[in-house]
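Visitor: Just passing along the structure, written as structure tokens.
The values are calculated or read from the model by the stated rules, or taken from the named source; none is laboratory data. Only a predicted model underlies this, so the values are computations on that prediction, with no experimental measurement involved. When we count neighbours, we look across all protein chains shown, and the Cβ atoms used for this are built from the backbone with ideal geometry, even at glycine.
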């Protein structure tokens, strides 16, 4: 196994690295083949976040994240979440083979709206009736504040469901290997899966 650790807003710690290595060695009972883990440890005041991403040899990602007041506890919880996912999909992980194909690149944007406000002049006679002057928005501008690039990998529907849960995400964009079209699978509020199919190829 290979573990890369990134420390953010905190000093690098050999003790934490050793603790991670010991804890993640337990993954061997779930994964026979070599794997790679990228761990990001972030400390901000009383919030200590452990973000663990496991990359398997078959290309699948398994992610576990936890935040608490204690970094060691956060690491324990993040790894426990990964173990639960691996245990659930142990048989599927060993038999799954990623499908070949070009796939499609796409971008995800985070938008933010700016309100340019203008205060109207209020007659003195009306000021007594108002607690304060009201600002009236006259212009709203939407701007992109962050952009992430992704790759809609080719896979069948069953593999997409499996990867969605392994990544512990709310939705997944993929190229349907049966139709060649872009699909979006997501988790509904009732816990069931929803599927959006497009004609784009």
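Visitor: Filter segment 168-180 down to the residues that are in contact with a strand residue (DSSP E or B) (Cβ under 6 Å, 6 or more places away or on another chain) and at pLDDT 85 or above and list them by number. Talk me through it step by step, then tell me what you get.
Guide: Here is the first cut: in segment 168-180, the residues in contact with a strand residue (DSSP E or B) (Cβ under 6 Å, 6 or more places away or on another chain) are 168, 170-177.
Scanning segment 168-180 gives 171, 172, 173, 174, 175, 176, 177.
Visitor: Sticking with this structure for a sec: Can you pull out the residues in segment 182-191 that are under 13 Å from residue 164 (Cβ atoms) and either at pLDDT 85 or above or part of a strand (DSSP E or B) (or both)?
Guide: Step one: filter segment 182-191 for residues under 13 Å from residue 164 (Cβ atoms), giving 183-188, 191.
Once the filter is applied, which keeps residues that are under 13 Å from residue 164 (Cβ atoms) and either at pLDDT 85 or above or part of a strand (DSSP E or B) (or both), segment 182-191 yields 183, 184, 185, 186, 187, 188.
Visitor: Here's something else I'd like to know. Determine which member of the set 149, 165, 129, 158 is modelled with pLDDT under 80 and more than 19 Å from the chain's Cα centre (by Cα). Before the answer, list the steps.
Guide: Details: 149 fails: more than 19 Å from the chain's Cα centre (by Cα); 165 fails: more than 19 Å from the chain's Cα centre (by Cα); 158 fails: modelled with pLDDT under 80.
Answer to the check: 129.
Visitor: Moving on. Filter segment 1-32 down to the residues that are surrounded by 15 or more Cβ atoms within 10 Å (Cβ to Cβ) and in contact (Cβ under 8 Å) with a residue 40 or more places away in the chain and list them by number.
Guide: Those that are surrounded by 15 or more Cβ atoms within 10 Å (Cβ to Cβ) and in contact (Cβ under 8 Å) with a residue 40 or more places away in the chain: 16, 19, 20, 23, 24, 27, 30, 31.
Visitor: Can I ask one more? Out of 121, 76, 51, report the one residue that is modelled with pLDDT of 75 or more and more than 18 Å from the chain's Cα centre (by Cα). Spell out the reasoning first.
Guide: Working: 121 fails: modelled with pLDDT of 75 or more; 51 fails: more than 18 Å from the chain's Cα centre (by Cα).
Result of the check over 121, 76, 51: 76.
Visitor: Continuing with the same structure: For segment 1-30, what are the residues that are in a loop (DSSP other than H, G, I, E, B) and under 14 Å from residue 79 (Cα atoms)?
Guide: Narrowing segment 1-30 to residues in a loop (DSSP other than H, G, I, E, B): 1, 9-13, 30.
Residue satisfying the conditions is 30 alone.
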